[in-house]
Amino acid sequence: VVGGATPSIKNRHYWEDGQHHWATPKDLSGLSSLVLLDTGRKITEVGASTISSGILPVGTVLLSSRAPIGYLAIAGIPTAVNQGFIAMICKARLSKHFVFFWCEQNLNRIKGIAGGSTFAEISKSAFRPIPVAVPPASIMRNYESRVHSLFDSIAANAKESILLARIRDALLPKLISGELRVADFEKSAREAS
């Protein structure tokens, strides 16, 4: 269980031409799938080096820990995170899928131990002691064998949706301006089949 940080926004070396994803709870608020595949901001290598958790690996379970508590996703991309997260890097004992659904099922309990005078927040120190019933390895393997392919399909569909939206956004202005015509696409489609 790790957290994140926000490097100084004033330091351009942390943000300008950033190549690494950097997530905030807002990035999870608009997700249409369970997988985070893009972020609103990118951070540089120098900026990422100022965050103690650094760049988190694909498969990290992300739980927003404030403003509000409870957005959940599995990182489908390597990403750094701001201080609004509890990030769970899943090792061999518990799979990312198990941890994701455990968080979802225990969200009321997690919210119940949140503190804060201005807004509710769950700290890593309050989160870590929450007990988890760990199933035997044979049950975990069986569970993972069933769930893994479903999550792979969800991630693949989300990636395809993003790609199709980008294609639409690139083509629509050309169609509206008359630079491209639907008839040209229809002719190409007939020739291809």
Exercise. Looking at V58, is it in contact (Cβ under 8 Å) with a residue 40 or more places away in the chain and within 10 Å of the chain's Cα centre (by Cα)?
Worked result: no
Problem set entry | Matching helices (runs of 4 or more DSSP H) fully within the range 61-167 where at least 1 residues are within 21 Å of P25 (Cα to Cα) and more than 22 Å from the chain's Cα centre (by Cα) | 107-112, 124-127
Exercise. From the list A114, A156, which one is farther than 24 Å from S65 by Cα and open to solvent by less than 80 Å² (accessible area, probe 1.4 Å)?
Worked result: A156
Problem set entry | In the range 41-60, the residues that are crowded, with 20+ Cβ neighbours inside 10 Å, in a helix (DSSP H, G or I) and in contact with a helix residue (DSSP H, G or I) (Cβ under 8 Å, 6 or more places away or on another chain) | G47
Seminar exercise, completed: Of the conditions (1) more than 15 Å from I86 (Cα to Cα); (2) modelled with pLDDT of 95 or more, the single one that G30 does not satisfy is (2)
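Under the condition of being loosely packed, with under 13 Cβ neighbours inside 10 Å and not hydroxyl-bearing (S, T, Y), which residue from the range 117-134 is farthest from R93 (Cα to Cα)?
Filtering the range 117-134 for residues that are loosely packed, with under 13 Cβ neighbours inside 10 Å and not hydroxyl-bearing (S, T, Y), the one farthest from R93 (Cα to Cα) comes out as F119.
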Exercise. For the range 9-40, how many residues meet the condition of being open to solvent by 50 Å² or more (accessible area, probe 1.4 Å) and over 15 Å from L63 (Cα atoms)?
Worked result: 10
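The values are calculated or read from the model by the stated rules, or taken from the named source; none is laboratory data. Just so we're clear, the structure is a prediction, and the values are computed from it rather than from any experiment. Every residue, glycine among them, receives a Cβ derived from its backbone with ideal geometry; neighbour counts consider all protein chains shown. Side chains are part of the model used for accessible areas, which takes the heavy atoms of the whole protein and leaves out ligands, DNA and RNA. Shrake-Rupley method; radii C 1.70, N 1.55, O 1.52, S 1.80 Å.
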